[in-house]
Every structure is written in C-alpha cells, then in structure tokens.
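Just below is one structure, and these are the notes that go with it.
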Amino acid sequence: MMAFQCDDDKQTLFGNNVQANLTAPADFSVGDTLWIRGQVSANVYDSELRDSVFDPSYEFSSQLSLSELVQVSPDRTNEIQISDALDRFRIINREGSSSAGRCSASELRILTELDQENNQYRYEIGLVPREAGEYILHFYSGTGIRNNDRNLDVLNAFNTGASNPSLTCRNCCSGFSLDVQATQSDFLFSVD
C-alpha cells in the first residue's frame with residue numbers, strides 16, 4: 001500500500017456574488033438618477049481552511065454593459081439591435097468607484113468599498129441620463145440583481161413578432177447577444 005500527498009492543494013479564495021439593487025421604476029426623465037446599490041459579505045471562503053475568513057485584499061466588483069435598444073433588426077425579426085450608450089449618462093460615484101471597462105463606450109466596472117464594521121463591501125453608483133430612449137443594463141457574472149421586476153415589458157415597444165427576442169449589439173460589443181428571458185442579469189428602463 002502506498003500513500004502520497006498531492007502538491008496541487010493550494011489555497012483558493014471564493015467570494016460571494018455581489019447583489020445589486022436598482023431604483024425600481026422603469027420610467028425615468030432626462031436628469032433623473034437611476035441608483036445601483038451593490039453589497040456583498042466581506043468574508044470569502046478559504047479552500048485550504050475550509051472556512052469563511054476576512055481577506056481585506058480580495059477585490060469585489062461588478063461589471064456591466066449599458067446599451068440603448070435601437071430597432072428591430074431588418075434581417076431577423078426576432079432580434080432587437082442595441083447600441084453603446086455609456087456616453088449618454090453622467091456617472092455619480094457615491095460609494096465605491098467606477099471606471100470604463102474593456103469597451104469604454106458601453107462597459108463599466110464598479111469597485112466596492114469596505115464598510116466601517118468590516119462586514120460588507122458596498123457601492124452606490126448613480127446613472128443620470130442625458131438623452132431619451134429605451135436602455136438595458138446587463139450585469140456580467142459575479143453580480144446578481146435583487147429586483148423582482150426587471151422591466152422586461154420595455155421590450156413591448158419593439159414589435160418583433162417574437163415572444164422572446166434576442167438582443168444583438170452592433171457597436172463596440174460586436175458579437176454580444178443575449179436572451180433576456182433566460183438570464184436574470186438584465187434590467188431595462190425607459191427615459192423620456
């Protein structure tokens with residue numbers, strides 16, 4: 001009988017997903033503020049210790065894409081084309097910080113801030129629209145939306161003839177496509 005130890009057992013830290021809550025109404029006016037408030041436990045799971053621990057160096061963040069719903073695709077009637085829209089909003093960093101993502105025209109990275117009790121990481125970011133339109137916020141993996149109503153009825157303004165249209169980006173996020181019915185990572189809203 002032979003016993004051996006595997007040297008591949010390395011410490012790995014796993015953080016919980018950031019939970020985001022967005023201002024509830026689907027209808028805004030130019031100049032209103034849509035607030036995004038995110039929070040997550042300050043503890044992470046340490047695979048070596050097999051326990052939750054506080055690690056001040058663990059970086060919690062959210063990444064999102066902000067796009068405008070533009071038109072039904074002339075080629076495929078079950079598709080709505082979307083366009084980069086981050087430049088149509090002023091960003092307010094009340095808690096935490098934000099910076100442009102890989103696609104600076106539509107992607108935003110939001111970093112959390114540790115609260116005074118060292119219990120949670122949080123952020124509070126405001127988006128102030130400068131132009132009217134129908135918009136979608138898409139959160140990438142690592143962030144969940146707490147809102148029960150994600151305002152999918154905003155899609156009703158686009159007559160696609162499909163009960164579950166796809167959204168396809170035609171700008172910076174080339175090749176980006178999602179099924180809004182199948183994901184819980186999208187929040188839609190209108191600006192008048």
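The values are calculated or read from the model by the stated rules, or taken from the named source; none is laboratory data. All values reported here derive from a predicted model rather than from experimental measurement. For neighbour counting, all protein chains shown are included, and Cβ atoms are generated from backbone atoms with ideal geometry for every residue, glycine included. Ligands, DNA and RNA are excluded from the accessible area calculation, which covers all protein heavy atoms including side chains. Shrake-Rupley method; radii C 1.70, N 1.55, O 1.52, S 1.80 Å.
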log₁₀ of I(q)/I(0) at q = 0.08 Å⁻¹ - the chain, Debye sum with one point per alpha carbon: -0.32
Of TYR121, ALA26, VAL53, farthest towards positive along the dipole that unit charges on Lys, Arg, Asp, Glu beta carbons give region 17-191: ALA26
Shape category assigned to region 18-132 from the gyration tensor of Cα positions, a/c cut at 1.5: prolate
Percent accessible area from carbon and sulfur atoms, the chain, protein chains only, probe 1.4 Å: 41
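Using the crude model of +1 on Lys and Arg Cβ and -1 on Asp and Glu Cβ, and no other charge, please compute the dipole size for region 115-174 relative to its Cα centre, in debye to 20. Let's see the in-between values first.
Numbers: 5 positive and 7 negative charges, 46 e Å.
Result for region 115-174 is approximately 220 debye, rounded to the nearest 20.
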Computed accessible area, SER57, all protein chains, 1.4 angstrom probe, square angstrom: 90
Inverse mean reciprocal Cα-Cα distance (Kirkwood Rh) of region 112-184, Å: 15.4
Cβ-placed point charges (K, R +1; D, E -1), dipole of the chain about Cα centre in debye, nearest 20: 360
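For the ranges 83-93, 103-113, what's the packing order if you count other beta-carbon atoms within 10 Å of each residue, average per peptide, and put the highest first? Walk me through the numbers on the way to the answer.
Details: 83-93: 17.0, 103-113: 18.9.
The densest-packed peptide leads the list: 103-113, 83-93.
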Kirkwood Rh, angstrom, region 7-60 [1 / mean 1/r, Cα pairs]: 13.9
Charge dipole of the chain about the Cα centre (unit charges at C-beta), most positive-ward option of CYS169, LEU108, ASN43: CYS169
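By average Cβ neighbour count within 10 Å, what is the ranking of 13-25, 144-156, 120-132 from highest down?
Taking the mean over residues of other Cβ atoms within 10 Å, the ranking is 120-132, 13-25, 144-156.
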